[in-house]
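Here is the structure we will look at, set down as structure tokens.
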């Protein structure tokens, strides 16, 4: 079944950055630089934290999980997850590493609003089930704070 436009709402997703590098920061959050051969080079931490690309707005249908959906669709027991997201096939490239904002808008770690704050996310994608006309996602609601 195709997803009806009137059932959709505005949400945001951010994909994991495949080229992530984490830098050492001071107490104020500024990157620490070392001088090497007269050049300022940011100090890498060597322990990359997950970083995400700029959030993208999309439309999707978010519904409560009843726990009665066929577990074979997702290959797991979905009764422990709260929500199912349905979007038209190929509308968004969301996968299990993506983060979502369904009830709030993203907050950012930089002034240019390009690096999302992962602790501001509402939901995590746990499973993806694509079909011919739509993709369905099992979501877990996160409680920050």
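No value in this document is a laboratory result; all are computed from the given coordinates. Note that this is a predicted model, so its numbers are computed, not measured. Here Cβ is always computed from backbone atoms with ideal geometry, including for glycine, and neighbour counts include all displayed protein chains.
Residues in the stretch 97-137 near a label at residue 25, defined as backbone nitrogen under 18 Å from the 7 Å Cα→Cβ point?
It comes to 106-121, nothing else.
Please sort 115-123, 20-28, 34-42 by packing, taking for each peptide the average over its residues of neighbouring beta carbons within 10 angstrom, highest first.
Output ranking for 115-123, 20-28, 34-42: 115-123, 20-28, 34-42.
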